[in-house]
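Heads up: the structure comes next, in structure tokens.
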Amino acid sequence: MATFDAQIKRLILKLERTKASIGDGLETALVAIGTNAVNRLKRTTPRSSGGGPHLADGWALTIARLAPGALSVIVHNTDPRADAKIPTTSGATTLLRILEYGSRPHEITPKKPGGVLVFTARGGEVVFSKRVFHPGTRPYGMVAAARAEANLELKVALDRVRTLLRRR
């Protein structure tokens, strides 16, 4: 009977070591996947021609331990303009959504009735206008591309875990 108890204890110890090594490996992989997503988004989010700040610089990674063995890895944009509501004729949207999905050509008018739009043209000239016709924005799809890449990296990490479990 003592040998059976010893075998059970060895098995439990082996399972605990396996759990620890898998957990540590997965946590490392999740942080790496999040870091790669942030770096990709910083590279692929469009930047205006001005000196900044740029929405691309706002991408960040937040890591939180929710409980032992439970890790939260969140990629988000800290720039307040990313999620600020922009009124449009079809409802409010955000700058991040416009860059991700694009926008149709549209007219821009002042917020206040009788007001004037003031902006700097590409040549540096200050322009005053009652309305502007915007040609629209092409969709960049940078979040979708980063998500797809992260999903592939996660699949590779999980395949490594499956392989490790088969070997034990």
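Which residues, counting only those in region 136-152, are over 18 Å from Arg43 (Cα atoms) and outside any strand (DSSP E or B)? Hits for region 136-152 are Gly136, Asn151, Leu152. Is one or more of the residues making up region 117-135 part of a loop (DSSP other than H, G, I, E, B) and among the polar types (S, T, N, Q)? For region 117-135, residues part of a loop (DSSP other than H, G, I, E, B) and among the polar types (S, T, N, Q): absent. Among the residues making up region 105-142, those that are closer than 22 Å to Thr88 by Cα and either within 18 Å of the chain's Cα centre (by Cα) or of a type in the set (Lys, Arg) (or both) are Lys111, Lys112, Lys130, Arg131, Arg138, Pro139, Tyr140, Gly141. For first residues located in region 48-76 and under 30 Å from Thr120 (Cα atoms), partners that are among the basic types (Lys, Arg) and surrounded by 10 or more Cβ atoms within 10 Å (Cβ to Cβ) and lie 6+ apart or on another chain with Cβ distances below 6 Å form the pairs His54/Arg47; Ala56/Lys42; Ala56/Arg47; Trp59/Lys42. Restricting attention to region 89-106, the residues that are of a type outside the set (D, E, K, R) and at pLDDT 90 or above add up to 10. If the requirement is being loosely packed, with under 11 Cβ neighbours inside 10 Å, among the hydrophobic types (A, V, I, L, M, F, W, C), assigned by TED's automatic domain parsing to the domain that holds Leu30 and touching a Lys or Arg at 6+ places or on another chain (Cβ under 7 Å), which of these qualifies: Ala146, Ala92, Ala67? It is Ala92. For region 109-143, which residues satisfy the criterion of being touching a residue at least 60 places away in the same chain (Cβ under 8 Å) and surrounded by 10 or more Cβ atoms within 10 Å (Cβ to Cβ)? Selection gives Tyr140, Met142, Val143. Among the residues of region 135-146, what is the count of those that are over 16 Å from Pro105 (Cα atoms) and either at pLDDT below 95 or in contact with a strand residue (DSSP E or B) (Cβ under 7 Å, 6 or more places away or on another chain) (or both)? The total comes to 0.
The values are calculated or read from the model by the stated rules, or taken from the named source; none is laboratory data. Note that this is a predicted model, so its numbers are computed, not measured. Neighbour counts are summed over all protein chains in view; Cβ atoms, including those assigned to glycine, are modelled from backbone coordinates with ideal geometry.
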